[in-house]
Amino acid sequence: MTPPLKNPFRAVVIGVSAGGLKALTTLLPLLPKAYPLPVLVVQHRLAESDDYLTKSLDRICAARVKEAEEKEAARAGHVYLAPANYHLLVERNETLSLSIDERENFSRPSIDVLFESAAYAWSARLIGIVLTGANADGARGLALIKKRGGLTLVQDPATAEHDAMPRAAMKACLVDHVLKLPEIGAFLNQIGISGINNAIE
Amino acid sequence: MNRDTEQIEIDLLLEAIFKRYGYDFRNYARASIERRTRRFLSKSGCRTIPEMIDRLLNDEVFFGGLVRDFSITVTELFRDPRVYASLRRQVVPMLKTHPFIKIWHAGCATGEEAYSLAILLKEEGLYDRATIFVTDFNDGALQKARQGIYSTDKIKEGTRNYQAAGGKNSFSDYYQARYDAVALDGALRKNMTFANYNLVTDGVFGEMHLILCRNVLIYFDRELQNRVFGLFGDSLVRGGFLCLGSKESPTFSTAADQFETVDKTAKIYRKRS
Ligand SMILES: C[S@@+](CC[C@H](N)C(=O)[O-])C[C@H]1O[C@@H](n2cnc3c(N)ncnc32)[C@H](O)[C@@H]1O
């Protein structure tokens, strides 16, 4: 018997801002229940928002969607959203940390903060994705993911509700793939099923 | 740079700081410490971490800058208004049964939390029997706490929060506008004692009826959190209250069984008697 192909990836990080509700409700339900990687999401939102977004995403997704809790392990099959008003960071032992450091790019949670810590934690075993948004958060973080050998995806700006954020990310580094939301979903599924070999072709 | 080399350099940096100055960041949540280190390095004028270590060992002023940078003093007046509403409802009635009360703000940053609670105590007629310890390990922040002067933006935010927290008066009763800033009423400071206190290295200094330590423990790793929860357990009277930040709880710490939950959302706990 041949051993199952080892998935070279350990995690997916997603950054999204204006237009995110629609983008996430399109993308995340495409992931199966037992998706083999943890998915960490920063969606910009108001400091005083409640967990409405999380709850409504959890209802429509097969994977479990929840707010990231301090020190919990990032587990496969789970989508973790940064809580309102806290930065989300990843530790090298794949647990999650929260912080209330200053806003970064006027944002807390900030996409750059998540992406940078994830880039250090997972290096080449990370997939970083920048979706719709009207600012430039995530650009520097995606560039670092790229620099440390990770795989970088950006939502096709022509199809994004707000194209500034995807465009800023594309300017900051040579991204690996520019895709529409359903294609990103298919891509993530592909990687989930068979590892990088098929997905990269 | 090789990732492992950077890890070693950061370990050495934290070790050097501890040995030279006694400030112990070795058990802080690592991702955040690494981020602060890279940030501090980029604005320090040093090219490498070893160069920075060398300078830190010899230059106390430079080290002062690092402490300011590593200590995140982001705070608000009546931050999380629901917490103050809950303190009023669930903690104040118990405090009222004591002839005198001791309160400790651990990690007070620039003092907003201590003044907010002082206002609540005044409105509940409890202020005069309270001794309030206001502590942080950042002297610069403590100095600001002692002054109680805040920007008009902070006061605006505080006013909104105060109302949401169920304040009984008008927030403007508690401050005087200066030309470009606002000074909180000095009477709020009367029973406050300000002191430098390091949660990692200092010990028990009294028996408290209420400890507030909000948004500090998220910066610590599990091991250090365990230590500090133990310290709080030892610093509370039986039935004393512990109020944490909205993402913190003793539930998964080794001291979990010392505490019972009073309000899960407001993160208010109580030492079992
Ligand atoms: C984010 S502020 C929280 C302020 C306030 N409690 C609040 O929740 O709004 C964190 C504070 O913890 C302090 N702090 C961090 N490590 C500490 C330590 N080891 N001992 C004492 N204070 C510490 C920092 O200096 C900073 O002022």
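The values are calculated or read from the model by the stated rules, or taken from the named source; none is laboratory data. Bear in mind that the values here come from a model prediction, so they are computed numbers and not experimental data. We place every Cβ from the backbone using ideal geometry, glycine too, and count neighbours over all the protein chains shown.
Is it the case that some residue within region A:1-19 is free of Cβ contacts under 8 Å to residues at least 40 places away in the same chain, in a strand (DSSP E or B) and under 20 Å from B:ARG30 (Cβ atoms)? No; the residues of region A:1-19 include none that is free of Cβ contacts under 8 Å to residues at least 40 places away in the same chain, in a strand (DSSP E or B) and under 20 Å from B:ARG30 (Cβ atoms).
State whether one or more residues within region B:252-267 are near the ligand (Cβ under 10 Å from one of its atoms), of a type in the set (Lys, Arg), at pLDDT 95 or above and under 24 Å from B:GLY111 (Cα atoms). Among the residues of region B:252-267, not one is near the ligand (Cβ under 10 Å from one of its atoms), of a type in the set (Lys, Arg), at pLDDT 95 or above and under 24 Å from B:GLY111 (Cα atoms), which makes the answer no. Taking the listed residues A:LEU46, A:LEU53, the one that is modelled with pLDDT under 95, surrounded by fewer than 20 Cβ atoms within 10 Å (Cβ to Cβ) and away from every other protein chain (no Cβ under 13 Å) is A:LEU46, with no other qualifying. Summed over region B:202-240, residues that are within 14 Å of the ligand (Cβ to nearest atom) and among the basic types (Lys, Arg) total 2. Listed by first and then second residue, the pairs with beta-carbon distance under 8 Å, at least 6 apart or on different chains, first residue in region B:182-209 and of a type in the set (Asp, Glu), second away from the ligand (no atom under 16 Å from the Cβ) and assigned to a strand (DSSP E or B), are B:ASP185/B:TYR175; B:ASP185/B:GLN176; B:GLU207/B:LYS102; B:GLU207/B:LEU236; B:GLU207/B:VAL237; B:GLU207/B:GLY240. Residue-level analysis places B:ALA141 among those that are small (Gly, Ala, Ser), near the ligand (Cβ under 9 Å from one of its atoms) and modelled with pLDDT of 95 or more. Every test in (1) surrounded by fewer than 21 Cβ atoms within 10 Å (Cβ to Cβ); (2) more than 14 Å from chain A (Cβ to nearest Cβ); (3) more than 16 Å from the ligand (Cβ to nearest atom) is passed by B:ILE49 save one, and that test is (1). If you filter region B:13-59 down to residues that are of a type in the set (S, T, N, Q) and not in a helix (DSSP H, G or I), you find that the one that is farthest from the chain's Cα centre (by Cα) is B:THR48.
Yes/no per residue for (1) within 12 Å of chain A (Cβ to nearest Cβ); (2) more than 23 Å from A:SER123 (Cα to Cα); (3) out of contact with any strand residue (DSSP E or B) (no Cβ under 9 Å at 6 or more places or on another chain):
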{"position": "B:GLN7", "(1), (2), (3)": "yes, no, yes"}
{"position": "B:ILE10", "(1), (2), (3)": "yes, no, yes"}
{"position": "B:ASP54", "(1), (2), (3)": "no, yes, yes"}
{"position": "B:CYS108", "(1), (2), (3)": "no, yes, no"}
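From the list A:ASN135, A:ASN197, the one residue that fits, being modelled with pLDDT under 95 and surrounded by fewer than 19 Cβ atoms within 10 Å (Cβ to Cβ), is A:ASN197.
The residue pairs whose first member lies in region A:39-58 and is of a type in the set (Lys, Arg), whose second member is surrounded by 13 or more Cβ atoms within 10 Å (Cβ to Cβ) and part of a helix (DSSP H, G or I), and whose beta carbons are closer than 9 Å, counting only pairs six or more residues apart or on different chains, are A:ARG45/A:GLY20; A:ARG45/A:LEU53. If the condition is being assigned to a strand (DSSP E or B) and under 14 Å from the mean Cα position of the chain (by Cα), then region B:115-132 contributes only B:ILE132.
Filtering region B:55-80 to residues that are in contact with a Lys or Arg (Cβ under 8 Å, 6 or more places away or on another chain) and either without any contact (Cβ under 8 Å) to a residue 60 or more places away in the chain or away from the ligand (no atom under 12 Å from the Cβ) (or both) leaves B:LEU56, B:LEU57, B:PHE62, B:PHE63, B:ASP69, B:PHE70. Hey, does region B:24-34 have a residue that's of a type in the set (Lys, Arg), in contact with a Gly (Cβ under 6 Å, 6 or more places away or on another chain) and surrounded by 15 or more Cβ atoms within 10 Å (Cβ to Cβ)? Taking every residue of region B:24-34 in turn, none turns out to be of a type in the set (Lys, Arg), in contact with a Gly (Cβ under 6 Å, 6 or more places away or on another chain) and surrounded by 15 or more Cβ atoms within 10 Å (Cβ to Cβ).
Yes or no, residue by residue, for (1) touching a Gly at 6+ places or on another chain (Cβ under 7 Å); (2) assigned to a helix (DSSP H, G or I); (3) within 14 Å of another protein chain (Cβ to nearest Cβ):
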| position | (1), (2), (3) |
| --- | --- |
| B:ASN169 | no, no, no |
| B:SER172 | no, yes, no |
| B:ASP202 | no, no, no |
| B:LEU210 | yes, no, no |
| B:PHE229 | no, yes, yes |
| B:ARG238 | no, no, no |
| B:THR251 | no, no, yes |
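In region A:58-71 there is no residue matching the filter, namely being of a type outside the set (Ser, Thr, Tyr), loosely packed, with under 14 Cβ neighbours inside 10 Å, part of a loop (DSSP other than H, G, I, E, B) and away from chain B (no Cβ under 14 Å).
Scanning region B:133-166 for residues that are charged (D, E, K, R) and not in a strand (DSSP E or B) yields B:ASP139, B:LYS144, B:ARG146, B:ASP153, B:LYS154, B:LYS156, B:GLU157, B:ARG160.
Every test in (1) small (Gly, Ala, Ser); (2) buried (at least 17 other Cβ atoms within 10 Å of the Cβ); (3) away from the ligand (no atom under 16 Å from the Cβ) is passed by B:GLY125 save one, and that test is (2).
Residues that are within 14 Å of chain B (Cβ to nearest Cβ) number at least 2 in the following strands (runs of 3 or more DSSP E) confined to region A:88-201: A:96-99.
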